[in-house]
Amino acid sequence: MNNLVLAYLGDAVYELYVRDYLIRQGLCKVKDLQKTAVQYVSAVSQAEILDDLITKEFLTEEEVDIVKRGRNAHSHQSKSTDIITYKKSTGFETLIGHLYKNDRERLEEVMTEVLK
């Protein structure tokens, strides 16, 4: 599957996990949910999360390779962030999309680490 398609899927999957997590944390007002969700789903946040996962060596070599393929995929430039941050977040979303399609158990492990 095309890496940008995986990133597209990963974006939706990741946002669903974040929304579910925030609701389970007791946030009930949509305004509060949206404001808090942005702290997780922005390109800057995703890039920081990815850097943290890599620094902690939480990801396997195969997963890092998937991130790199997503990061290096040809895409448009973001209007709201720099290109390096945007590419890192695309790599993160690619990984989430890949895990959703191929390894739901590992996806749960990654999302548990991200949302702790």
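The values are calculated or read from the model by the stated rules, or taken from the named source; none is laboratory data. Predicted model only: the values in this text are computed from it and were never measured. FYI the Cβ positions are ideal-geometry reconstructions off the backbone, even for glycines, and counts take in every protein chain you see. Each accessible area value is taken on the protein alone, full model and side chains, heavy atoms only, with ligands, DNA and RNA left out. Shrake-Rupley method; radii C 1.70, N 1.55, O 1.52, S 1.80 Å.
Couple of notes before you dig in:
- Anchor LYS68: lysines whose Cα lies under 27 Å away (excluding residues fewer than 8 positions away in-chain): LYS56, LYS79, LYS87, LYS88, LYS101, LYS116
- The long axis of helix 3-24 is offset from the longest Cα principal axis of the chain by roughly 20 degrees.
- Contact order for the chain, expressed relative to its length and based on alpha carbon pairs under 8 Å spaced 6+ residues apart, stands at 42 percent.
- Degrees, to the nearest 10: 43-55 long Cα axis against longest axis of the chain: 70 degrees
- ASP51 accessible area, 1.4 Å probe, all protein chains in place, Å² to nearest 10: 60 Å²
- Calculated over the chain: convex hull of Cα atoms, volume per residue (Å³): 96 Å³
- The local environment of LEU50, defined by Cβ-Cβ distances under 14 Å, has a net charge of -3 under the rule Lys, Arg +1 and Asp, Glu -1.
- Residue-averaged [θ]222 nm for the chain, counting only DSSP H segments that reach four residues, each worth -39500 (n - 2.57): -25500 deg cm²/dmol
- In Å, descending, principal axis extents of the Cα set of the range 50-116: 33, 23, 19
- Cα long-axis angle, helix 83-102 against the chain (0 to 90 degrees, to the nearest 10): 80 degrees
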